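These notes concern the structure reproduced below.
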Amino acid sequence: MCPDVHRSHQSDIAVSFQTTRPIGHNGAMDMTVFSKRRRELMDHMRGGVAILPTAPVRTRNRDVDFPFRPDSDFYYLTHFPEPEAVAVLVPGRPHGEFILFCRDKNPEKETWEGRRTGVDGAQEQYGADDAFPIDDIDDILPGLLENREKVFCSMGRNPEFDHRLMSWVNEVRAKARNGVHAPGEFVDLDHILHEMRLIKRPEELRLMRKAAKISARAHRQAMIACRPAAMEYEIEAELLYEFAKGGSRSPAYPPIVGGGANSCILHYTENSEELKDGDLLLIDAGAEVDGYAADITRTFPVNGKFGDTQKAVYEVVLEAQLAAIAKVRAGNHWNEPHDTAVRILAQGLRDLGLLKGDVDGLVENGDYKRFYMHRTGHWLGMDVHDVGDYKVSDSWRLLEPGMVLTVEPGLYIAAGNKDIPCEFWNIGVRIEDDVLVTRDGNEVLSHEAPKTISEIETLMRGR
Ligand code: GLY
Ligand code: MN
Ligand code: MN
């Protein structure tokens, strides 16, 4: 999980709440978006060829696979939802620049396993200039590498695929005597592609707003459904039900639903215990919509009313979060929200009597890390911890319009801290929103999830 202001907006999906077709259904998306992305990438790779496999299918247990989820880079450039596919981009190739290898049509297999797009569909629906059966890739791909200077690829993510790629290059090298020239350079595709993915375009923001809206609705529903003696997994079920009803067929990551002591375990996902009267419940859950993630955390009292100590800790985290969000502005650097949050948390820990000393010292020597051990955010997009560099030549990068990041400070006071009064024990609070950098400030995509003490208590009182 954790890595290291709210402006209202007129959402273009605010009123209708119709479902978006999830990955696996090529629906609403305008396919010219993807050809523009491929063009932009190809303009950076003169003399090269780019090769991108989608994600492998992974086995869950005997005869059962995990639900397939395409590789984000591959999906960003193709929108092709099926497994066993490889995209090849060959700028300037006379027979077409975008080649897609995919599963061939096969009526018998389709009866068992579901529909396949096939090579004709790859051209007609996904705009491939050329498409070939994936089973023929060993015969065809080496020819696409001939007389190209560079191969753009992402090395190390899929060792089995890297191995095949080397064998294709070696096949071209073996033809040197025929005057065929093999690529002599491998270039990391991630750098160019991830810079593109870091700046979200309007069609991406539409999906991210939708993911945030569905997730905010799910958090509200969790607050409404929560009561003492409910099981954590019952609340998880409320979240997943709201996600699916809204058109999200998968959470963006396994939901964290942790009551009491479990709120102090950062990656708690067992979600198996009973919720107790007087405890807090921390929920970190976000929906995925057509490949785009939301990532929202809310913390609230199981019985609907914050106790005094819970309230005091919550107010510190909320103040830190709001101040950090206010630092999300174009021109500020990446670490400003974190620095701001840390200062307020350190001051709060001192005021609560949990740490001693002056605030500068607490920040400088890192004493606050005993209760705040993660960073304040990360990029958000197709991957919940999205791609994009955080530093440029050793300096924190400046925020730009179109970047989306989370702002998620927290305080976690586990039981057993003998020097800490026991009324603080088992209080874990994190508040996490998804924030878009705009031209003149920011937009909190997840603003519909209740956040202030009075919003939460009012909603829970009306249950
Ligand atoms: N849910 C993952 C994170 O907060 O970073
Ligand atoms: Mn996060
Ligand atoms: Mn989160």
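Counting only residues that are away from ligand 2 (no atom under 16 Å from the Cβ) and under 30 Å from D383 (Cβ atoms), the stretch 412-428 holds 1 of them. When A237, A287, A222 are screened for being away from ligand 1 (no atom under 14 Å from the Cβ), under 30 Å from R206 (Cβ atoms) and crowded, with 18+ Cβ neighbours inside 10 Å, only A222 passes. G156 meets the conditions (1) surrounded by 12 or more Cβ atoms within 10 Å (Cβ to Cβ); (2) over 18 Å from E82 (Cβ atoms) in every case but one. The failed one is (1). Within the span defined as the stretch 346-367, every residue fails to be of a type in the set (K, R) and either in a strand (DSSP E or B) or within 29 Å of the chain's Cα centre (by Cα) (or both). Selection of first residues in the stretch 166-177 that are within 20 Å of I51 (Cα to Cα) and among the acidic types (D, E) and of second residues that are in a helix (DSSP H, G or I) and at pLDDT 95 or above, restricted to Cβ pairs under 6 Å at least 6 apart or on distinct chains, gives the following pairs, ordered by first then second residue: E171/P142. Out of the residues in the stretch 293-316 that are out of contact with any Gly (no Cβ under 8 Å at 6 or more places or on another chain) and hydroxyl-bearing (S, T, Y), state the one that is farthest from ligand 3 (Cβ to nearest atom). Restricting to residues being out of contact with any Gly (no Cβ under 8 Å at 6 or more places or on another chain) and hydroxyl-bearing (S, T, Y), the top hit is T309. Residues of the stretch 405-425 that are in a loop (DSSP other than H, G, I, E, B), modelled with pLDDT of 95 or more and away from ligand 3 (no atom under 16 Å from the Cβ): A414, A415, I420, P421, W425.
The values are calculated or read from the model by the stated rules, or taken from the named source; none is laboratory data. Note that the coordinates shown come from a computational prediction; the quantities given were computed from them, not determined experimentally. Virtual Cβ from ideal backbone geometry, glycine too; neighbours counted across all protein chains shown.
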